[in-house]
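Shown next, in structure tokens, is the structure this report addresses.
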Amino acid sequence: MKLLIEQGAKGDSGVVLLRSKLRAVSRRMGFNDLKREHMELVCNEMVTNQNKFAEGNGLVQIWETAYPRPALDLFAFDYGKGILNIMVAVQDGFTTAGTMGKGLGAIRRLSSESEIYSLPMENIGDCPWHGTAVWSRFYQDNNDDTLPHQIGGYTRAYQDSAFNGDLIQVRCSPNKTRWLHMDGLGHGREAAEVVEGIGYFLDDETPVDGLMERLSRRLEGTRGAVGMVCEIDAVTQTFRICGVGDMVAYLIASGDKKAILFSPGVLGHAHRTPETTTLSFPPQALLFTASDGLRRSITLRTFPELWRLHPQMIALVLGQVMGRHNDDRSVFTIRLNPSMRK
């Protein structure tokens, strides 16, 4: 994913800039007039809700994504009091402000995919945030290609630089999803140059440990990087993961969160021989991988009810709330597509 703009919802000039960027991007990506109209309506609802219920203390982001297929995402994130009952709030006609109350319901109807998540002030527990997050996705086409997994991603460079040393590269086939997740050491141009163009290493056949060995050889003579190669098979309901260095993966299944750590070292330099971990991946499980740009103090209680939502919403919330602001940060999330479940 690529962040195109982040703009506060408070103030006329910022809203005008946001809408102008949305129009320009939607034209460039080739969306038809009807979808572009739907995008603007959704964007307007996001801004209106933030100004009404969070006093403008929020932001709206526009993201361009290439996987699972080309799409434009709108993400609204505020620091308001939160919504106590999401299911009631999305019903047309519901209002706490004397208005028509159609905003959240309209967002769901007009989007290709969407999610709404809220953590009320009264229920934050150990979470460093309270408020509401709204994600809306628009696909360029209406094809109903059923992919084996739902996936989500978040990559953001330090200070939103043009150079991002974190890389997520995804390869989907009818029954498998593979991805490469890397973190170039440090940040800035030099870190980005190490990971640039690496994604071509992914293929459908080479075992994940073989890909890691090939990757380490490729990085010899550079400043090096840390990374992992992962594969999830929808038929056998298993995943394999192999990595080196200070990155982490978490498997969430049956109410537990299991951390998967990797061999110490740096790819392209000295490191232990990476070992492949193979575990079951049941239909309700969620796996997410992250660079060290994500804080690791996350528990299942930190974001109650978030884990059952679409992986893209999970990635956006984690990246926004738990991302470190002194480094590049990246998160990848994946779950078996509900349409593939038996």
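The values are calculated or read from the model by the stated rules, or taken from the named source; none is laboratory data. Just so it is clear, the structure is predicted and the values come from calculations on it, not from any experiment. Methodologically, a virtual Cβ is constructed for each residue, glycine included, from the backbone with ideal geometry; neighbour enumeration extends over all protein chains shown. Accessible surface is based on the protein model in full, side chains and every heavy atom, while ligands, DNA and RNA are left aside. Shrake-Rupley method; radii C 1.70, N 1.55, O 1.52, S 1.80 Å.
Here region 201-328 was treated as a single set of alpha-carbon atoms; its pair distances binned every 5 Å from 0 give 2, 10, 19, 20, 20, 16, 10, 4, 1, 0 percent.
Applying the criteria of a DSSP loop state and at most 16 other Cβ atoms within 10 Å to the trypsin sites (Lys or Arg not before Pro) of region 294-325 yields Arg295, Arg296, Arg301, Arg324.
Which value in deg cm²/dmol, rounded to the nearest 500, describes the helix-derived mean residue ellipticity at 222 nm for the chain, given -39,500 (n - 2.57) per DSSP H run of n ≥ 4 and division by the residue count?
Here the helix-only value at 222 nm equals -7000 deg cm²/dmol.
As I understand it, the dipole of region 289-342 uses +1 on the Cβ of Lys and Arg and -1 on the Cβ of Asp and Glu, about the Cα centre. Which of Ser330, Pro311, Ser291 lies farthest toward its positive end? Of the listed residues, the answer is Pro311. Near Val208: Cβ cut-off under 13 Å, other residues only, Lys/Arg at +1 and Asp/Glu at -1. The net charge is -3. What residues from region 319-342 fall in the zone where the backbone N is under 12 Å from a label point 7 Å along the Cα-to-C-beta line of Thr146? Correct set: 337-342.
Helix 208-218 and the longest principal axis of the C-alpha atoms of the chain enclose an angle of approximately 80°. Exposure check, 1.4 Å probe, all protein chains in place: His271 carries approximately 60 Å² of accessible surface. Solvent-accessible surface of region 233-342, taken per residue with a 1.4 Å probe and all protein chains present: 41 Å².
Taking the Cα centroid of region 204-279 and of region 110-183, what is the distance between the two, rounded to the nearest whole Å? The distance from the Cα centre of region 204-279 to that of region 110-183 comes to 21 Å.
Can you pick out the pairs among Lys21/Lys81; Lys10/Lys81; Lys21/Lys176 whose Cα atoms lie more than 26 Å from each other?
Pairs exceeding the cut-off: Lys21/Lys81; Lys21/Lys176.
Here region 98-221 has 44 percent of its accessible surface on carbon and sulfur atoms, given a 1.4 Å probe and all protein chains in place. Enumerate the residues in region 168-204 having an amide nitrogen under 18 Å from the point lying 7 Å beyond the Cα of Ser339 toward its Cβ. It comes to 172-177, nothing else. Binning the C-alpha pair distances of the chain at 10 Å intervals from 0 yields a P(r) profile of 5, 25, 34, 25, 10, 2, 0 %, listed from the shortest bin outward.
Relative to the longest principal axis of the C-alpha atoms of the chain, give the angle of the C-alpha long axis of helix 12-28, reported between 0 and 90° and rounded to the nearest 10°. That helix lies at roughly 60 degrees to the long axis. In order along region 69-78, phi translates into HN-Hα couplings of 8, x, 7, 10, 10, 10, 9, 10, 9, 10 Hz, rounded to whole numbers, per the Karplus curve 6.51 cos²θ - 1.76 cosθ + 1.60 with θ = phi - 60° and x for Gly and Pro. The dipole here belongs to the chain: it is taken about the Cα centre, uses +1 on the Cβ of Lys and Arg and -1 on the Cβ of Asp and Glu, and is about 380 debye.
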